[in-house]
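Written out below as C-alpha cells is the structure these notes cover.
The values are calculated or read from the model by the stated rules, or taken from the named source; none is laboratory data. On a predicted model such as this, the values are computed, not experimentally measured, just so you know. Methodologically, a virtual Cβ is constructed for each residue, glycine included, from the backbone with ideal geometry; neighbour enumeration extends over all protein chains shown. Only protein heavy atoms, including side chains, enter the accessible area calculation; ligands, DNA and RNA are left aside. Shrake-Rupley method; radii C 1.70, N 1.55, O 1.52, S 1.80 Å.
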Amino acid sequence: MHCNQKDNFVLSRLMLFLVFTWTVITGSVFAQPTPSANIKIIIPFAPGGPTDVLGRLAAENLQQNLKVTVITENRPGANGLVGVNFLKQGPVDGSNLLFVSSGMITFSPLMDKSSNFDPQKDLVPIICLAQTDIGLIIATGVGASNLKEYLTLAKTANPPLSLGSAGVGNILHAYIEILKDSSKIDFLHVPYKGATPSFADVLGGQISGMFISVSLAEQSIRAKKVKLIGVLGKRSALFPDVPTITEQGQSGLDTLPWFAIMGPKGMSPETAQLLASAIMGSNESDFRKKIYAAGSTPLLLTGTAFSDLIKNETNAWSKLIFDKKINFQ
C-alpha cells in the first residue's frame, strides 16, 4: 500500500490521539509518582548512633536523586510510637516518611498489648537499609575481662549488677531479658530514654554495662574506656577477636537489629518503589560502601522480600517470648 504525505499526517495524528486516550484511561499505571517539594523523614529516636547516620544517608540520596528538599526530624518516645503517630497525621504522597528499627516493628508491638499499632497494617515497607552489630559492653570498674568472669561475678553480686537499655520494651531490653533467662541471673534492668544516655552511664560507671551498637561504642572500646565482652549473632568486623555470646555458652542472643524506611498506610506501591529506587541510587555498590562507612552492614531489601523479613522476624520473636516465658514488664 502506498501512503502519500497527507495519509502519513492523518495516521500520525491518529496514533497520538490513541496514545493520549490510553494514557488518560490508565493514568494510575503510567503516571510517575512524585512527592511534593519537601520530604520529611521522622526519626523516632533520640539523636545519636546509627539511626541518625543512616537516616541522614537516606535523606541525602533522596535529595540528590529526586531534586527535592529532604529534612530529618527526631521525635523520640514510647519505643517509636510518638514518631508513628506523627506519621499517621501526615500525607501519603511520599513526602512523609518514617525511619524505623526492627525492634519497634517486630518486637515492641508484642510487648505493648494496650497499643493499637500494627506495623504490618499501619506502615508500608519501602526499603530495608542495614543491620548493625550489637555488643555487650561493661564499665572499666567491673572486675571482669570476659563474659564468663562477668556472669560469675553477677551470680553473687548484692545488689544485682545493673544493665542499661534504651527503655522498657525495646530490643536492647529484650537482649537483657534473654541473657537473664539463659544465664539464670537476675540482672537489674535500668531503662533510659535512648541508648546514648545509657552509654554515658556505663562510661561513668553508674551502671555495670549494656547492649549497644558496636560502631557507637567503637572509639570508647579502643580507648579502653569500656570493655567489649561479647557480640551478638556473628563476630564483628570491627573486633573480630571478640567471640559471640553464643560461642560463650549463652543461647538466644543472635538476632541483630536492622534499620529501614517505611511510609504511612495508603501510600501507593508506585510511590514506595520510586522512593526505594531514589534512596538506593543508580549505583548499589556505591550505596553499600556508604553504609559500611557508616559503621553498619548493608541489608538491602524492598517489596516482598522486605515484607517477608518483617513477618518472619515477628513470628520468631513471638515464639522466643512464649517458649522462654520471658517477662518484659
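Please compute the contact order of the chain in relative form: average sequence separation of alpha-carbon pairs under 8 Å and at least six residues apart, divided by the residue count, as a percent. Could the numbers behind the result be given before it?
Details: 580 pairs, mean separation 84.5, N = 329.
Reported as a whole number, the value is 26 percent.
Please state the Cα pair-distance histogram of the chain with 20 angstrom bins from zero: what percent is in each bin?
Bins of 20 Å from zero give 30, 49, 14, 5, 1, 0 percent of pairs.
Before rounding to the nearest 500, sum -39500 (n - 2.57) across all DSSP H runs of length at least 4 in the chain and divide by the residue total; then give [θ] at 222 nm in deg cm²/dmol.
Rounded to the nearest 500, the figure is -13000 deg cm²/dmol.
With a/c under 1.5 counting as rounded, go ahead and sort region 196-255 into rounded, prolate or oblate using the C-alpha gyration tensor (a ≥ b ≥ c being the square roots of the eigenvalues; past the cut-off, prolate if a/b is larger than b/c, else oblate).
Working: a/c = 2.11, a/b = 1.52, b/c = 1.38.
Prolate, since a/c reaches 1.5 and a/b exceeds b/c.
I'd like to check one number: the per residue accessible area of the chain, probe 1.4 Å, reported in Å² as a whole number.
50
Could you name the lysines in cross-link range of K40, using Cα to Cα under 19 Å and dropping any fewer than eight places away on the same chain?
Once the sequence-local lysines are set aside, what remains near K40 is K67, K88, K265.
So what is the relative contact order of region 80-204, in percent, for Cα pairs below 8 Å that sit 6 or more residues apart?
Relative contact order for region 80-204 comes out at 21 percent.
For region 103-217, max minus min Cα coordinate along each principal axis, in Å, sorted largest first?
47, 29, 22
Please give the net charge around D122, taking every other residue with its beta carbon less than 11 angstrom from that of D122, where Lys and Arg add +1 and Asp and Glu add -1.
For residues surrounding D122, the net value is +2.
Percent of accessible area on the chain owned by carbon and sulfur, 1.4 Å probe?
56
If you plug each phi of region 109-123 into the Karplus form 6.51 cos²θ - 1.76 cosθ + 1.60 with θ = phi - 60°, what whole-Hz ³J(HN,Hα) values come out, in order, with x for Gly and Pro?
Along region 109-123, the couplings run x, 6, 8, 9, 5, 7, 7, 9, 7, 10, x, 6, 10, 8, 10 Hz.
Cα convex hull of region 211-329: how many Å³ per residue?
Here the figure is 155 Å³ per residue.
Of the peptides 281-287, 79-85, how do they stack up when ordered by the mean number of other Cβ atoms within 10 Å, highest first? Mind showing how you got there, number by number?
Numbers: 281-287: 11.9, 79-85: 21.3.
Ranked from most to least packed, the peptides come out as 79-85, 281-287.
Residue by residue, what Karplus-based ³J(HN,Hα) values in Hz, rounded to whole numbers, does region 147-158 have, using 6.51, -1.76 and 1.60 with θ = phi - 60° and x for Gly and Pro?
In residue order, the calculated couplings are 5, 4, 5, 5, 5, 4, 5, 5, 4, 10, 5, 9 Hz.
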